[in-house]
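Structure in structure tokens, see below.
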Amino acid sequence: MTYTTLADLTDRFGENLLVQLTDRGDVATDTIDTGVIDRALADTDALIDGYVAKRYALPMAATPALIRTLAIDITIYKLHTYEPDPKIEADYKAAMKSLEAISSGSVTLPIDGVEAPGSGSSGARLTDRERPLTEQTLKGFI
């Protein structure tokens, strides 16, 4: 499942930037290379799946808005072959932190999740040795 599309990227960043980032041939065609976009989208999907699969069943029935936004931020960063604009880099770092928060469970998505692994018990269990109060065990206190 693709979390974002070329249309989403074009809507957010404009066609000119996408042409600059994807037109990598020896002869400039002044068009968006969809093969480059598709590879970046697939890499982004795999990265997101790696973080989200810990808490949620994949594939998702519908893509939450947060995941779509994170996918856009990660994909545009991945399309850069050289150093990206500071805003794009900051958005990428924020997206990675958000994915870590989703993976740890501190951020939840409005989708069906996977039951968190547990020990099978429903409470705390303490085991300790018997401690009788005798003259021997209280030696020095009496």
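Every number here is computed from the coordinates shown, using simple stated rules; none is lab data. This is a predicted model, so every value here is computed, not measured. Glycine also receives a Cβ, built like all others from the backbone with ideal geometry; neighbour counts cover every protein chain displayed.
With r defined as the distance between the Cβ atoms of residue 93 and residue 129 and R0 fixed at 41 Å, what FRET efficiency is calculated, to the nearest 0.05?
With R0 = 41 Å, the Cβ-Cβ based efficiency is 0.20.
Please list, in chain and number order, the residues 5+ apart from residue 56 or on another chain whose amide H is under 5 Å from its amide H, with Hs placed from the backbone.
Amide H neighbours of residue 56: 114.
What number comes out for the charge environment of residue 16, summing +1 per Lys or Arg and -1 per Asp or Glu over other residues with Cβ under 12 Å away?
Residues close to residue 16 contribute a combined charge of -3.
Explain nothing, just the number: relative contact order of the chain, from Cα pairs under 8 Å at least 6 residues apart, as a whole percent.
The value is 25 percent.
I would also like to ask the following. What number, rounded to the nearest 500 deg cm²/dmol, is the helix-based mean residue ellipticity at 222 nm of the chain, given -39500 (n - 2.57) per DSSP H run of at least four residues and division by all its residues?
-15500 deg cm²/dmol
Work out which GluC sites (Glu not before Pro) in the chain are exposed loop sites (DSSP not H, G, I, E or B, at most 12 other Cβ within 10 Å) and give the longest gap free of them.
For GluC sites (Glu not before Pro) (loop position, at most 12 other Cβ atoms within 10 Å), the longest site-free span of the chain is 1-114.
Less than 14 Å Cβ to Cβ from residue 43, Lys/Arg counted +1 and Asp/Glu -1: what total charge do the surrounding residues give?
-2
Convert 20 °C to kelvin, take the viscosity as 1.002 mPa s, use the Kirkwood radius over C-alpha pairs of the chain as Rh, and evaluate the Stokes-Einstein diffusion coefficient in µm²/s, rounded to a whole number.
Approximately 115 µm²/s, per Stokes-Einstein.
In addition: Kindly provide the chymotrypsin sites (Phe, Trp or Tyr not before Pro) of region 1-93 that DSSP labels as loop, not H, G, I, E or B, and whose Cβ sees at most 15 other Cβ atoms within 10 Å.
Sites meeting the loop and neighbour criteria: 82.
Among 27, 82, 62, pick out the residue whose Cα is farthest towards the positive end of the charge dipole of the chain, where Lys and Arg carry +1 and Asp and Glu carry -1 on C-beta, about the Cα centre.
In the chain, that residue is 62.
Treating the beta-carbon of each Lys and Arg as +1 and of each Asp and Glu as -1, no other charges, what is the dipole magnitude of the chain about its Cα centre, to the nearest 20 debye?
Magnitude of the dipole: close to 1000 debye.
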